[in-house]
Amino acid sequence: MLRDYQQEMKNRMAEAWESHRSVMVQMPTGTGKTHLLAEIVRQEKGMVLIVAHRMELIAQISETLKRYGIGHGTIVGGQKKVELQRVMVASIQTLTKRMEEMEMKPDLIVVDEAHHALAKTYRMMWTQWRDARFLGLTATPCRLNMQGFTDLFDCLLEAWSIREFIRKGWLSDFEYISVCPESEAMKRVGSLTKRGADGDYQTTEMATVMDCEESIGHLYESYRHFAQGKRGIVYAINREHAAHIAERYTLEGVRAAVIDSKTPTAQRTKLVEEYRQGGIEVMVNVDIFSEGFDCPEVEFIQLARPTLSLSKYLQQVGRGMRTSPEKSHVMILDQVGLYQTFGLPTDERPWTKMFMGELAGKGTAGNEREIVLRNDPDDKMLMNLQMVRIKGLDCKQEGVEIFVKNGKYGVMKDGRITCQACFERMERLQGNYLLMGIYPYQVFRNKRTVIDHEGKDLKATLYGQVEQYGDFFKGKDLDGRTIYWDAKGGRSYPTLPQIIRAGRLELIKLGERYRPRQQECMLPTDCSKEEIYIGDQVTIMGDQLIVRMDLKKPYKIYGYLNNGILVGNSTGTFKSDYYLIAPDGHRVIDYQRLPWNTSKQPDLRRLKLKRLE
C-alpha cells in the first residue's frame, strides 16, 4: 500500500502523461521511489523496461518487485540468453550493447537515478523506442555542469521537501556536526585547486592532501567521541583512503570493513548482510552507497570526501535518513566542511531551475555560509576537536549563541546579533563570563576580548596567553607587560588587586586608596579609608552618597543633621532646594536651605553609619 505522498505523486504522474511523453520525478533519498516504481509497474498493462546503471540498484529493484509479486526478467552482463518478460530490469551498459538484437517494444521505460540520463548510452533509448513513455526517478535532478534535462524529459514533478518529510515522520531527523571553518581539515579542503573532467575535485589531489595520518586520526577521534558503538557509513576518497581509514578503526577495536566497485559481487553481498546483522559496525566505502543502498539502521554518516556535487552530497547524507525503530535520529559527521559548501540537507533547493539548466547543482568552495552553533556544555570540547555542533534551523533562537560567517565567529542574543562576525575563534569561559573572542592577527599578537552572558563585548584588550581568575583575566598589554583586566570594573591593573566588600559595594584597594569597582559607577575615582562610611541603605565615599546601591545616581553631600544627611540633586549641581536623606534611604523633598559647613568632619554614629573596616 502506498503512503499518502506516494499516492499523490502517482496521481500527478498519470495526469502529466496525458500531455507529456517523458516525465521526471524528484523525491528525496529514503522516501521510497522504488516502491512507487513497483506499484506503477504492477498497474501498467503493457511492457515495462526498468534501467539502472549499477548492480546494487538492479538487485534492489528486483527484490522490491519480488515483494510485490511481480515476475520479471533481467538484462545484465554474463547472460548467454535473455528471456523477455512483460517486465525487464536492465543494466544500461548491457542494454546498449544488446539493444539492436533484442526485439523489445516497451510501452513504459523507467530510468532509476535519472540524473545520470544525460549520458550518451541513455539517449539511445529515446531514439530506439520512440513510441514509449518515459519515467525518470531521482532525488537530485541536477548536474555540476548546469546541463539541464529538458531534451529528454518534458516536465519535472517535485515531492515535498526533506524538511516536510522529517516533520511528518517519513524521514529521520538528524544531528549535524561539522568541522570548524578555521580547522586544519578546512584548510586542506581550501588548498584543493584541481578539478576533474566532471567539474568536481580531482581525486588524485584530494587523496594526496587528505589521505594522511593526521587527517585519518581526526576522523577516528570524532567517531570515538560522537558515534562509538553506532553503526554507520564512511565515505572515502578512493580505495587506498578507504583502506587506511578501516585499518585505523580496526586497530582501535572497531569492526570495520571496506567496500568499493572492485569488491567482488558475492563478497559485497556478504559484507552488506553482515553489516545489516550488526557484525560490522563501520562500512567504509567509495561511491558504492551513494545510490541504491537501503539500510534504515544507519545511525551515523561520516563524510571524509570533499565534493562540489550537490547530488553526491544529498545522496550520501540521505543514506542515513531512513527511519528505524532503533534510532531517534542520524548523526552526520561532516569532516570536510560540506555544510559550508551546501548548507543543511533540509535547505530548500530550486530543483526546477536545475532541471531546466538555469542553475548548476554545484556548491561553492569557501567559508561564506553562516553557522549558528548549538549552545550546550559540550561546545568547549567540540571546539578542541575542531568540530562544531550546528543548530537546527527549526530550533528557537534563545539565549546567547555563537554563529560563524565568512570564516569568522560572532555572537547573537535571542536571534539578534550583539557582536558582528569578526573573531578568529571563540573559547568558552567559566563563571560569569561566557566567551573569549579572539580577533584576527593585529599588530604583534592576536587581541582577545571577553563576552558576557548578555552577548555584550566588554571591550577587553588582552594579548598573548590569557588566564582566568574569576572576574579577572591575566594577560599582556600591547607593550608586553603583564596586566590583570577586571571584567566587572573594566580596568586593568599591574598586579591582581585586593577586593574589599563594603556591604553591597565592591571596592578596589590600591595602596592606601580605594575606588569603586563597578564599571558603571559615577563615584570618585578613589578616596581614603577615613572618607568611607557604610550603612544598611546608604554608603558615603568622600562627598558623595549612594542610596540602595544606585551607583549611577550618587548625591552630593552639603551637610549633616542628627536625623539625616543634607544632599543636592543626583547630578551634583547646585539648586535652591536640598534633600534630606535618612539612614534608611528615605528622602524628604524640599528641605529648607541652610548654610551648612561641608568641610566639618561629620559625626555619623548618630546616623548608625560605620567606617570601612
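Suppose the filter is of a type in the set (A, V, I, L, M), in contact (Cβ under 8 Å) with a residue 24 or more places away in the chain and surrounded by fewer than 24 Cβ atoms within 10 Å (Cβ to Cβ); does residue 266 pass it?
Values: of a type in the set (A, V, I, L, M): yes; in contact (Cβ under 8 Å) with a residue 24 or more places away in the chain: no; surrounded by fewer than 24 Cβ atoms within 10 Å (Cβ to Cβ): yes.
No; evaluated as a whole, the condition is false for this residue.
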Which of (1) over 20 Å from residue 117 (Cα atoms); (2) surrounded by 17 or more Cβ atoms within 10 Å (Cβ to Cβ) does residue 74 not meet, given it meets every other one?
-> (1)
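Residue-wise test of (1) modelled with pLDDT of 85 or more; (2) farther than 27 Å from residue 345 by Cβ.
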residue: 379; (1), (2): no, no
residue: 396; (1), (2): no, no
residue: 399; (1), (2): no, no
residue: 404; (1), (2): no, no
residue: 444; (1), (2): no, yes
residue: 447; (1), (2): yes, yes
residue: 472; (1), (2): yes, yes
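Can you spot a residue in the stretch 105-126 that is over 48 Å from the mean Cα position of the chain (by Cα) and farther than 17 Å from residue 53 by Cβ?
Step one: of the stretch 105-126, the residues over 48 Å from the mean Cα position of the chain (by Cα) are 105.
Filter once more, so that each one left must be farther than 17 Å from residue 53 by Cβ: 105.
Checked against the condition, which is being over 48 Å from the mean Cα position of the chain (by Cα) and farther than 17 Å from residue 53 by Cβ, the stretch 105-126 yields at least one hit.
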Only residues that are surrounded by fewer than 24 Cβ atoms within 10 Å (Cβ to Cβ), in contact with a Pro (Cβ under 9 Å, 6 or more places away or on another chain) and either at pLDDT 90 or above or assigned to a helix (DSSP H, G or I) (or both): list them for the stretch 323-342, please.
-> 341
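For every residue, the table says whether it meets (1) closer than 30 Å to residue 403 by Cβ; (2) at pLDDT below 85; (3) out of contact with any Gly (no Cβ under 7 Å at 6 or more places or on another chain); (4) not hydroxyl-bearing (Ser, Thr, Tyr).
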site: 469; (1), (2), (3), (4): yes, no, yes, no
site: 479; (1), (2), (3), (4): no, no, yes, yes
site: 497; (1), (2), (3), (4): no, no, yes, yes
site: 504; (1), (2), (3), (4): no, yes, yes, yes
site: 536; (1), (2), (3), (4): no, yes, yes, yes
site: 542; (1), (2), (3), (4): no, yes, yes, yes
site: 546; (1), (2), (3), (4): no, yes, yes, yes
site: 557; (1), (2), (3), (4): no, yes, yes, yes
Single residue of the stretch 200-245 satisfying the filter (more than 26 Å from the chain's Cα centre (by Cα) and either closer than 25 Å to residue 270 by Cβ or not polar (S, T, N, Q) (or both)) that is surrounded by the fewest Cβ atoms within 10 Å (Cβ to Cβ) = 240
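Residues 224, 248: which one is modelled with pLDDT of 95 or more, out of contact with any strand residue (DSSP E or B) (no Cβ under 6 Å at 6 or more places or on another chain) and in a helix (DSSP H, G or I)? Show your work before the answer.
Numbers: 224 fails: modelled with pLDDT of 95 or more.
Of the residues listed, the single one that is modelled with pLDDT of 95 or more, out of contact with any strand residue (DSSP E or B) (no Cβ under 6 Å at 6 or more places or on another chain) and in a helix (DSSP H, G or I) is 248.
Being surrounded by 20 or more Cβ atoms within 10 Å (Cβ to Cβ) and either part of a helix (DSSP H, G or I) or modelled with pLDDT under 90 (or both) is true for just one of 58, 109. Which residue is that? Steps first, please.
Details: 109 fails: either part of a helix (DSSP H, G or I) or modelled with pLDDT under 90 (or both).
Answer to the selection: 58.
Across the stretch 168-198, what is the total count of residues that are outside any strand (DSSP E or B) and at pLDDT 90 or above? Outline the logic, then answer.
Initially, the stretch 168-198 is screened for residues outside any strand (DSSP E or B), giving 168-172, 180-194, 196-198.
Add one more test, that the residue is at pLDDT 90 or above, and what stays is 168-172, 188-189, 191-194, 196.
Qualifying residue count for the region: 12.
Test residue 98 against the stated conditions and say whether it is surrounded by fewer than 20 Cβ atoms within 10 Å (Cβ to Cβ), over 43 Å from the mean Cα position of the chain (by Cα) and within 19 Å of residue 119 (Cβ to Cβ). Break it down into steps so the answer makes sense when it comes.
On the way: surrounded by fewer than 20 Cβ atoms within 10 Å (Cβ to Cβ): yes; over 43 Å from the mean Cα position of the chain (by Cα): yes; within 19 Å of residue 119 (Cβ to Cβ): yes.
For residue 98, the condition - surrounded by fewer than 20 Cβ atoms within 10 Å (Cβ to Cβ), over 43 Å from the mean Cα position of the chain (by Cα) and within 19 Å of residue 119 (Cβ to Cβ) - is met.
Quick grid of which residues meet (1) out of contact with any Pro (no Cβ under 7 Å at 6 or more places or on another chain); (2) surrounded by fewer than 14 Cβ atoms within 10 Å (Cβ to Cβ); (3) in a strand (DSSP E or B):
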position: 459; (1), (2), (3): yes, yes, no
position: 466; (1), (2), (3): yes, no, yes
position: 488; (1), (2), (3): yes, no, no
position: 492; (1), (2), (3): yes, no, yes
position: 495; (1), (2), (3): yes, yes, no
position: 507; (1), (2), (3): no, no, yes
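Of all the residues that make up the stretch 37-48, how many are in contact (Cβ under 8 Å) with a residue 40 or more places away in the chain and either on the phi > 0 side of the Ramachandran plot or part of a helix (DSSP H, G or I) (or both)? Can you show your working first?
Our first condition is that a residue be in contact (Cβ under 8 Å) with a residue 40 or more places away in the chain; within the stretch 37-48, this holds for 37, 40-41, 44-48.
When the remaining residues are screened for being either on the phi > 0 side of the Ramachandran plot or part of a helix (DSSP H, G or I) (or both), the result is 37, 40-41.
So the count comes out to 3.
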Within the stretch 92-106, track down each residue that is polar (S, T, N, Q) and modelled with pLDDT of 90 or more.
-> none
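The values are calculated or read from the model by the stated rules, or taken from the named source; none is laboratory data. Just so we're clear, the structure is a prediction, and the values are computed from it rather than from any experiment. All Cβ positions, even for glycine, are placed from backbone atoms using ideal geometry, and neighbour counts span all protein chains on display.
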